[in-house]
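The values are calculated or read from the model by the stated rules, or taken from the named source; none is laboratory data. Every value quoted in this text rests on a predicted model; they were computed, and no experiment measured them. Glycine gets a Cβ as well: all are built from the backbone with ideal geometry, and neighbour counts include every protein chain shown. All accessible areas refer to the heavy atoms of the entire protein, side chains included, with ligands and DNA or RNA removed. Shrake-Rupley method; radii C 1.70, N 1.55, O 1.52, S 1.80 Å.
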Amino acid sequence: MQGSPTRIGLISDTHGLLRWQALEALRGSELILHAGDVGKPEILPALREIAPVIAVRGNVDTSDWAKTLPETAVAEAGKVLLYVLHDVHALDLNPAAAGFRVVVSGHSHQPGKFERDGVLYINPGSAGPHRFRLPITVARLNLARTPFEAEFVELKI
């Protein structure tokens, strides 16, 4: 990959299930952020076949392999700093004051985005097992445009 990544794939709450539809939706990403509840160690190498991966630990990631995952992570895409954590309610810093432009989280299984104080908060939803009548989704973030564009991709299963 040359230059800074502008096409960022966002995935969360796989809970050990990485669907081929999720892999297809993330193709073309220059960086993938996994916002926790990975579930099984083989998920991350499969995502790395598409692009470099930054992943954090979620509340179901309690096995020994998962203890190596950080609770939070910082991703750099050129001059854009992204903060990754599993549960946005555990956010213990002011992202705008800390220089972050994007906060990526999971946990709720509900895809959504909003902006506050110039920071884009995005939850790609859950890409794993179907739960709570919520859609199964991933997201694609385009940092080449201002304002940043976030697109949710519902996986047809």
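Observations, loosely collected:
- Cβ-derived FRET efficiency at R0 22 Å, ASN142 paired with GLU49, nearest 0.05: 0.50
- The listed residues VAL153, VAL119 rank as VAL153, VAL119 when sorted by accessible area, largest first, using a 1.4 Å probe.
- Taking θ as phi - 60° and the Karplus parameters 6.51, -1.76 and 1.60, the scalar couplings of region 82-97 work out to 10, 10, 10, 8, 7, 10, 4, 6, 8, 4, 10, 9, 8, x, 4, 5 Hz in sequence order, x denoting glycine and proline.
- LYS156/PHE114 FRET efficiency (R0 30 Å; Cβ-Cβ; nearest 0.05): 0.70
- Scanning residues 5 or more positions from LEU120 or on other chains, those with amide H under 5 Å from its amide H are VAL102, VAL103, with H placed 1.01 Å from N in the peptide plane.
- Residue list for region 10-53, given a label point 7 angstrom along the Cα-to-Cβ vector of SER63 and an amide N cut-off under 14 Å: 14-18, 37-46
- Hits among aspartates and glutamates - C-alpha to C-alpha of LYS113 under 18 Å, sequence gap 8 or more where chains match: ASP13, ASP87, GLU149, GLU151, GLU154
- Derived scalar couplings ³J(HN,Hα) [region 51-64; Karplus, 6.51 cos²θ - 1.76 cosθ + 1.60; whole Hz; x for Gly, Pro]: 6, x, 10, 10, 10, 10, 7, x, 5, 8, 8, 10, 5, 4
- Cα convex hull volume per residue for the chain (Å³): 104
- Relative contact order [Cα under 8 Å, 6+ residues apart], region 1-43, whole percent: 53
- Hz values of 3J(HN,Hα) by residue in region 141-157 - Karplus curve (6.51, -1.76, 1.60), Gly and Pro given as x: 10, 10, 8, 7, 10, 10, x, 4, 9, 10, 10, 8, 10, 7, 7, 8, 10
- The chain: relative contact order as a whole-number percent, Cα under 8 Å and 6+ apart: 25
- CD proxy at 222 nm, helix term only [per DSSP H run n ≥ 4: -39500 (n - 2.57); per residue of the chain; nearest 500]: -2500 deg cm²/dmol
- Top of PRO95, PRO124, PRO45 by mean-square fluctuation, Gaussian network on the chain, Cα under 10 Å: PRO45
- Sequence-separation-based contact order of region 54-140, relative, with Cα cut under 8 Å and 6+ spacing, percent: 18
- Expressed as a whole percent, the accessible area of the chain that falls on carbon and sulfur atoms is 49 (1.4 Å probe).
- Amide H within-cut-off set for VAL153, under 5 Å, with H built and near neighbours excluded: VAL138, ALA139, ARG140
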